[in-house]
Amino acid sequence: MLKTLFLALALVATSHAQETKSAIKPLAFTEYDLPNGLHVILHENHAAPVVSTYVLYHVGSKNERPDRTGFAHFFEHLMFEGSENIPRSRIDKLISGAGGNLNASTSFDVTDYFFNLPQNQLALALWIESERMLHNRIDETGVETQRQVVKEERRMRYDNQPYGSLFEQLCKMVFAGTSYEWTPIGSTQYIDQAQIGEFREFWKTYYMPNNATLVIAGDFKTEDAKKLIADYFGDIPKGTAPKRPVVKLTPPKKPVLVEVKEAKTPLPAAMHAWVACPETDPDAVALDLLADILASGRSSRLYRRLVDKEQAAVAAQAFPVLFESAGLIGVFATGNRGVTLEKLDQLIDEEVEKVKAEGVTEDEFTKALNGKEDELARDNSQMSARARNLARARLTWGKTSEVNGELNRYLAVKREDLKRVANKYLIKEQTYRLHYPVAEAPAK
Amino acid sequence: MSFRILLTSAVALLPFVAPAVDRTKQPTPGAAPTAAFPDFKVRTLASGLRVIVIPDDRSPTVTLRLQLKAGSTVDGGSGLSGFTASLLNRGTAKLDAAAFAKAIDSIGAQLNGGASADSMSVSTSGLTKFTDRLLELFADALVNPVFPADELAKEQKRSLSSIAAGKKQPGTLAGNLMGRVIFGEHPYGKFSTEDSVKAVTRDAIVAFHKTWIVPNNASLVIVGDVEPDAIVAKVEKAFAAWESRPTPPLAPLPPPPKMSGLTVHLVDRPESVQSSIIVCQPAPARNFPDLPEVNVMNSTLGGGFSGRLFQNLREKHGYTYGSSCAFNYYAQGGYFQATADARNEVTAPAIKEILNEIGRIRTEPIPAEELELQRQYNVGNYLLSLESASRVAGRVQDIELYGLPADFYKTYATRMSAVTPDSAQKLAQKYLSTENTAIVVVGKAETVKPELEKIGKVVVYDTELNVVK
């Protein structure tokens, strides 16, 4: 009954898309809050005998103290330790032994935990998630082990890889002075300093039902799931609403250039970046389409110019990185051997100035919308993705039905908007640049 | 708005009385669902092209993946198959490279080719409303490519840059050296070099295309929101001009070398802050009779979070972010690899623990409870993987490419469920060794070499993968 009602609402919301003969199927769901504030979203679908659970906590690296960077991610590792009723290091074995898989991730704004299981194991998933929300348990052994593990993760993903410091350098520059200026992996120094008492405090502050969204997607009956959720999560006490950091960016008065010299850099690379908008800003979708026109596919402007015509670059990318409270847009080119950074800069500058002066063509605009429709159409095929997208829509927009409204947001953009946002954000005097020079002379 | 209020009040009316669950105990699951590999039909067109359609109406898209027996076993490891595959979308008799790119991008679609050990694959995907145009471009790329000389030159230049980049990447260095150590002069052991890239000519690509990219050497799977008969009719029409031609017999290839003794192959990368470790040894070809059962033995040793390597190297010792192992199989051979990335000072201890775990699974039967977990893990995750239509499609193509029994994936779960402590131990003894193994390490030699010498003979390489005297 409620589902039918919801479907009707969803159809109203997507009528715009239907005018363009889009056949993306809206996701049906029911949602409610438990008295303790836990927001629940249920997507019942019997296509395959699988079920995915997804718990999203509204806490990420931007909630960290500047002298405890990497803390939210470190804590995420500790959520696999155990609880009052689950002994240490049993969680992964319970899920594996039930035929499932599990993982978690930490970003700037949020931390998520997911299980994918055969459909008969939904209660197990809810038991574990409720246990670690109600009384997660961590001990010194767990903290010290994960401290080493997290530092190895940092070495593997960043310190040992060519350009591994790129994102860190970028955020440090563009988001300077805000809590987006460090990345979720954090610095080794502060990973070393984190104390067990601080973790317990962090959990109390942020891992509260009223700061979480629980989604179940897959092969279950909504009524059964509601009962299980009430049973497992109903008695978790509500917490105090956590404070949210305020992020205020100041664009630079003149262009900024940072050179990153590293022995492991194999090819010259240049990044140009600008302050952009938060993810829910109406300009966000226009910036995304602009980035696609600049660098997505072999007919994109930067590919045609830098990679194909001038053969100055191996690859070129353009991407908005938009968060809850701030954003940036970047253009990144990896040069061919022997190409100078000045050449990469010049080519990027010319293409950016060109799109600001001339805007985009009708063909380019249609192409970008088709590409977005294709991308969004593939987005919701598996239950794990559906669970994730439902939770993200709710957290980002405060409105779960926006999960079915994404294409509409793109279709609402006008071609002229792309020229407008290019001029609004890609301001020449406010460009941040990163250079990765090659350490040795390139091979002759 | 009113909808939400309605729901909230509905929930508030639910009876919140006595706790209905005992949260001190793991809940008891209901009956487990059974993994059912879907039935599929192979249709052979007049040209010899085998077509399999797997309908999936979850999204309004269609994906076509053509797989040809035209990989490194055919080109001898020269890289010709890869260049041919990459250049299929760089110009046809009708459209030059720029026009072709524009045509694909303008409908928001993708079309790319690539080659691997035993096969070449060319895939395209797009929205179903553009199916006709997508098929037209797909057929054009496969049947009428012109391989423009300037596009080849650009691709070669980019490849040379990629090779230069690879010499700074620990993963690329380790993977290349491992291939050479396991497969020697067999094409599976070859990788792109400056010389191999420069040796590729347009004439050779044209000839490769003519010889190997023929319908009788290919299978096509189509996944998406399509009606099987209708889409096959469209494929038949789009590929009407694609002529079959007998392919030459495969040239006999040097067999992979036999591995004897334990050798550490150390690539000196002075800037490394962590060592990339691969303990590796030869394994059988893809169609060997024990694959499903070996999966269970392998995952006990090092599959996922509950495997012994992860539990030991990460959860017990904190040596690494992750450690796992896998058997990788090709048509003519395979390899086993156990990997970890460990900081310099624990490089040797991490290797010793990997070897200890390989030794333990050979000498001690797996405890019943642990084996039950691993059987469930394999069967359950196989069931989960069937949710992905493209995974199913890939498996259907594997059955043909590797000459597997037609019911291979029908019996897969049952066979994994039947592994016993005794059978797992026998498989470990048959397919794993602690004595005849190679250990590839990419790291800072100055720091890690002295300890590695206590494990076995160490051969040091530079980042060109030449042995350093």
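The values are calculated or read from the model by the stated rules, or taken from the named source; none is laboratory data. Keep in mind it's a predicted model, so treat the numbers as computed, not measured. Cβ coordinates were reconstructed from backbone atoms using ideal geometry, including for glycine residues, and neighbour counts include every protein chain displayed.
For the reader, a short list of remarks on this structure follows.
- Residues in the stretch A:59-111 that are over 16 Å from A:Phe199 (Cβ atoms) and in a helix (DSSP H, G or I): A:Lys62, A:Ile91, A:Asp92, A:Lys93, A:Leu94, A:Ile95, A:Ser96, A:Gly97.
- The helices (runs of 4 or more DSSP H) found entirely in the stretch A:322-416 that carry 1 or more residues being in contact with a helix residue (DSSP H, G or I) (Cβ under 6 Å, 6 or more places away or on another chain) and within 13 Å of chain B (Cβ to nearest Cβ) are A:362-378, A:383-397, A:406-411.
- Restricting the stretch B:312-330 to residues that are under 22 Å from the mean Cα position of the chain (by Cα) and within 14 Å of chain A (Cβ to nearest Cβ) leaves a set whose member that is farthest from B:Ala70 (Cα to Cα) is B:Tyr321.
- Selection from the stretch B:65-76 of residues that are closer than 20 Å to B:Pro246 by Cβ and either in a strand (DSSP E or B) or within 14 Å of chain A (Cβ to nearest Cβ) (or both): B:Leu66, B:Gln67, B:Leu68
- Residues in the stretch A:132-169 that are facing chain B (nearest Cβ under 7 Å) and farther than 29 Å from B:Ser275 by Cα: 0 in all.
Listed here are the residues, each with its yes/no results for (1) outside any strand (DSSP E or B); (2) closer than 20 Å to B:Ile222 by Cβ; (3) at pLDDT 95 or above.
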residue: B:Arg58; (1), (2), (3): yes, yes, no
residue: B:Thr63; (1), (2), (3): no, yes, yes
residue: B:Ser78; (1), (2), (3): yes, no, yes
residue: B:Ala85; (1), (2), (3): yes, yes, yes
residue: B:Ala117; (1), (2), (3): yes, no, yes
residue: B:Ser123; (1), (2), (3): no, yes, yes
residue: B:Asp132; (1), (2), (3): yes, yes, yes
residue: B:Leu135; (1), (2), (3): yes, yes, yes
residue: B:Ala139; (1), (2), (3): yes, yes, yes
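- Number of the condition not met by B:Ser119 [criteria: (1) polar (S, T, N, Q); (2) surrounded by fewer than 21 Cβ atoms within 10 Å (Cβ to Cβ); (3) more than 8 Å from every other protein chain (Cβ to nearest Cβ)]: (2)
- Every pair of residues 6+ apart whose Cβ atoms lie under 7 Å, when the first sits in the stretch B:296-310 and is more than 12 Å from chain A (Cβ to nearest Cβ) and closer than 16 Å to B:Glu364 by Cα while the second is aromatic (Phe, Trp, Tyr) and part of a helix (DSSP H, G or I): B:Gly302/B:Phe310
- Pairs linking a residue in the stretch A:367-386 that is over 19 Å from B:Arg133 (Cβ atoms) to a residue that is assigned to a helix (DSSP H, G or I), with Cβ atoms under 7 Å and 6 or more positions apart or on different chains, are A:Leu376/A:Glu406; A:Leu376/A:Leu407; A:Asp379/A:Ala385; A:Asp379/A:Asn389; A:Asn380/A:Arg386; A:Asn380/A:Asn389.
- Residues that are in contact (Cβ under 8 Å) with a residue 60 or more places away in the chain and not in a helix (DSSP H, G or I), drawn from the stretch A:112-159: A:Asp112, A:Phe114, A:Phe115, A:Asn116, A:Leu117, A:Pro118, A:Asn136, A:Ile138
The rows are residues; the columns are (1) outside any helix (DSSP H, G or I); (2) among the hydroxyl-bearing types (Ser, Thr, Tyr); (3) closer than 30 Å to A:Arg90 by Cα; (4) within 11 Å of chain A (Cβ to nearest Cβ).
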{"position": "B:Ala348", "(1), (2), (3), (4)": "no, no, yes, no"}
{"position": "B:Leu373", "(1), (2), (3), (4)": "no, no, yes, yes"}
{"position": "B:Tyr382", "(1), (2), (3), (4)": "no, yes, yes, yes"}
{"position": "B:Leu404", "(1), (2), (3), (4)": "yes, no, no, no"}
